[in-house]
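Student: Here it is, the structure, as structure tokens.
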Ligand code: SAM
């Protein structure tokens, strides 16, 4: 049974990096005027109320998006992200009460001929997601396993796709299944842009998954990571990152700028940031 609910973590430092990079990636892909499909394998509820009991219980967003909310010196990539979050709070854009999840972030930038394919397995979050996009003909919401859904969806008709794989890593085998699925999806559709979100709770476990991808023969793999604490054997996430296969041109430079700012403003002592091509051309 799934117990993870993203509402507890919405808007935390890992969401900031994930959603800000996701937004920039879509914007860079839109420089080419051709339709694309956005595939979210683990979509969550779509959007979150930061005033509800989940977010209030952990207060994680206070260490993430809330720290950027009133900043006046943001690099463009983070200004775009904060503008998107403000847009999601459009009834009262001065106050941070709601937070857009990955489907809502993409929805704000979706082109007229683009489409979205969203997967969510948790009953309640699937219902919320389904309601959110009920009237939207560009969006298909699927209650099912997103990893199987990804394999079924590629190659897409458009031959252009941005794929976000953002699991909750509740089951230990997720780390293997995710890597295997990405390798299989890439075999079927080698030109897709695949973005994998990963946590660092146990560094060895995370690196084993990433090494599997790096050693797969797939070219062009970029690591974008932010640590807020040094690696540790104690419980809890010390870093989070995105592993991007086929990132669009200039995403590496944008990520470097972004992380330079986030490292100084959202990091804690000894925090570290990495933007590194783990596999080149
Ligand atoms: N992508 C979302 C965002 O950025 O706003 C957050 C997703 S959250 C980290 C992971 C979600 O995956 C949870 O809502 C969980 O219920 C769901 N989930 C877990 N296993 C799944 C699976 N095999 N297929 C689809 N969804 C799954």
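Student: Distance from a point 7 Å along Cα→Cβ of residue 91 to each backbone N in segment 51-65: keep the residues under 14 Å and list them by number.
Tutor: 51-52
Student: Moving on to the next point. So if each residue of separation counts as 0.36 nm, and I subtract the Cα-Cα distance between residue 264 and residue 191, what length gain in nm does that give? Before the final figure, lay out each step's value.
Tutor: On the way: separation 73, 0.36 × 73 = 26.28 nm, distance 3.44 nm.
Stretched fully, the residue 264-residue 191 segment lengthens by 22.8 nm.
Student: Apply the a/c threshold of 1.5 to the C-alpha gyration tensor of segment 160-281 and tell me whether it is rounded, prolate or oblate.
Tutor: On the way: a/c = 2.15, a/b = 1.24, b/c = 1.73.
Oblate shape, in that a/c is at least 1.5 and b/c is the bigger or equal ratio.
Student: Taking square-rooted eigenvalues a ≥ b ≥ c of the alpha carbon gyration tensor, is segment 6-279 rounded, prolate or oblate, where a/c under 1.5 means rounded and, failing that, a/b exceeding b/c means prolate? Kindly include the intermediate steps, with their values, before the conclusion.
Tutor: Working: a/c = 1.29, a/b = 1.06, b/c = 1.21.
Judged from the Cα gyration tensor, segment 6-279 comes out rounded (a/c under 1.5).
Student: Once you put a point 7 Å from the Cα of residue 214 and another 7 Å from the Cα of residue 274, both along the Cβ direction, what distance in nm separates them?
Tutor: Here the modelled spin labels are 0.6 nm apart.
Student: Can you pull the one-decimal nm distance between simple spin-label points at residue 202 and residue 51, each 7 Å off the Cα toward Cβ?
Tutor: So the label points at residue 202 and residue 51 sit 4.1 nm apart.
Student: I need the calculated FRET efficiency for the pair residue 184 and residue 2, taking r as the beta carbon distance and R₀ as 22 Å, to the nearest 0.05.
Tutor: Once the sixth-power term is evaluated, E becomes 0.45.
Student: How far, in nm, would the chain grow between residue 70 and residue 250 when pulled straight, counting 0.36 nm per residue and subtracting the alpha carbon separation?
Tutor: Difference between extended and current length: 62.1 nm.
Student: Given 0.36 nm per residue, what is the gain on full extension from residue 233 to residue 172 after removing their alpha carbon distance, in nm?
Tutor: 20.3 nm
Coordinate-derived values only; no laboratory data. This is a predicted model, so every value here is computed, not measured. Note that we place each Cβ from the backbone using ideal geometry, even for glycine, and neighbour counts take in every protein chain shown.
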